[in-house]
Amino acid sequence: MAAKDDDAGPTLLVIAIVMVVLCVLTTTLRCLVRYSRNFLGADDYLVAVATLVAIGRVAIQCVSVQYGNGRHRQLLSKADYTHVNFLTWLTQLFLFPLLCLLKLSVCLLVLRIKDTKMLRYFLWTVMAGLVVTTLLPEIVLLAECHPVSAYWESKPEHCWNPKVRIYSIYLQTAMSVMTDIICTLLPIAVVWDLKLSLRDKIAVCGLMSLGVISTTFALVRASSLGLKTTDLSWTYCWAAIWGDIEFGTGILGANLALSRTYLHYFKKGLRNLTYRSKSRDAEYGPGYSLGYRGAYDGPMSAQSRREVEVRRGSYARCDESKAPLDPSISRKVEIHISSTDRPRSGG
C-alpha cells in the first residue's frame, strides 16, 4: 500500500526561516546597543555564536527540503532518502551546541547582574552539566556507526542499537528542561530584586518566560523521535520543526529580556536628535547664537578660538549657578578676544 503523500517540508521551511530571521534581528540589535554603550560581554558573544550556528542549521534544512525532507520514505528515491538522512544528521550536530551556547549565555547574563559567591558556584555547576550532556549525544552521533556514513546509508548492521542515541538525546533534553526552568526563574528572581518599576519588572519577567515555552517544545521534540528508524525523512522532519521553535523562542527570550536597555538607548538617541538645534544654548547659556562669535566677525586665530571656547564654558557654568548673590555684588562676564593676524597695511 502506497504511503499518503504528506509533505511537512514547507512547514519546516516557513518556521525555520521565520525563527532564524527573528533571532538574527534581535541578536544584531542586542550586540549593536551593548557595543555602543561599551557593555559587550561574554553572554553577548555566546548568543551571537548561537545565532550563527542557527543560520547554518537552517541553511542545511532548506537544502534538505529540496531532496524530499518532510515526505515519507516510500515516496523518495534511494539517493534522495540517503541525502536527506545525511543532512538531517548534520542538523542534529548543529542543534545541541546551539542550545548549549544559548543557555550558557543566559547563565552568564545572570552573573553579570548579580554575582554572589553562592550563585556563582551554582551556575558554574549548571554550566558544566550543560557542556557534558551536550557532548554526549554529539559523541554518540559520531561514533554509533562504523563507518559514519552507515548512519545515513541505513545500514543498521554497522551501527549501535538506536536506543543508545535516543536515550542520550533524552538525557540531553532532561538537562535542557532543567536548565530552561533555572534560566527562566533565576533571572526573574534577580530582576525582581532590582530597583525597577513594577511595569519594567513584569515586562522583563514576561519575556524571560519564553524559556518555559522553549522547554515545552524541547519535550515535544524528544517525544517525537521514538525508536523506529524506518521513515526518518518524515519523523525527523517533525523533530527538526520542534527543535527550530525551541531554539528560536529561547534566543528571542534571551534577547528581548534586555528590551529595557534598547528602549533607553533609542529614547536617548531621539532626545539628542530632537534637541540638537537647542544644544548650543543649553550648553553655553541663552543667546549664544547671537553672542560671543557674533560680537567679532573679523578673522580669528586658532588661539583666539580656543580662548573663546574656554570662556563659553565658564559662562555656562556661571549662568547655571543657583547661589544667590550679595546685593553689592553683580555678575560680570568679561570677554577678551585677541587676534594674531596682522592688520593690513594702508594703501
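Numerical summary
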item	result
Most positive-pole-ward Cα, 93, 9, 29, against dipole of the stretch 1-116 from beta carbon charges	29
J(HN,Hα) series, the stretch 16-23, from Karplus relation 6.51 cos²θ - 1.76 cosθ + 1.60, nearest Hz, glycine and proline x	4, 5, 4, 5, 6, 5, 4, 5
Residue order, fewest to most surrounding Cβ atoms within 10 angstrom, among 80, 6, 44	6, 80, 44
Within-13-Å neighbourhood charge of residue 243 [Cβ basis; K, R +1; D, E -1]	0
Whole-number percent relative contact order across the stretch 2-80, with pairs defined as alpha carbons under 8 Å at least 6 apart	58 percent
Rel. contact order, % - alpha carbon contacts under 8 angstrom, at least six apart, the stretch 1-140	29 percent
Relative contact order %, the stretch 11-263, counting alpha carbon pairs below 8 Å whose residues are six or more apart	28 percent
Cα pair distances in the stretch 11-263, grouped into 5 Å bins until the bin that holds the longest one, percent each	1, 6, 13, 17, 18, 15, 11, 8, 5, 3, 2, 0, 0
Taking 28, 91 and counting other C-beta atoms within 10 Å, the order from fewest to most	28, 91
Convex hull volume of the stretch 1-85 per residue (C-alpha atoms, cubic angstrom)	81 Å³
Pairwise centroid distance, computed over Cα atoms, of the stretch 125-148 with the stretch 73-88, Å	25 Å
Separation of the residue 259 and residue 121 label points, Cα + 7 Å toward Cβ, nm	3.7 nm
Per-q log10 I(q)/I(0), the stretch 108-183, q = 0.15, 0.21, 0.25 Å⁻¹ (Debye; single scatterer per alpha-carbon; no solvent)	-0.62, -0.88, -1.07
Relative exposure of 179, 249, judged by other C-beta atoms within 10 Å (fewest first)	249, 179
Neighbour net charge for residue 40 - beta-carbon separation under 12 angstrom, K R +1, D E -1	+2
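Read-outs: derived from the displayed coordinates by stated rules, not from any lab. Treat the numbers as computed from the prediction; the structure is a model and nothing was measured. Virtual Cβ from ideal backbone geometry, glycine too; neighbours counted across all protein chains shown.
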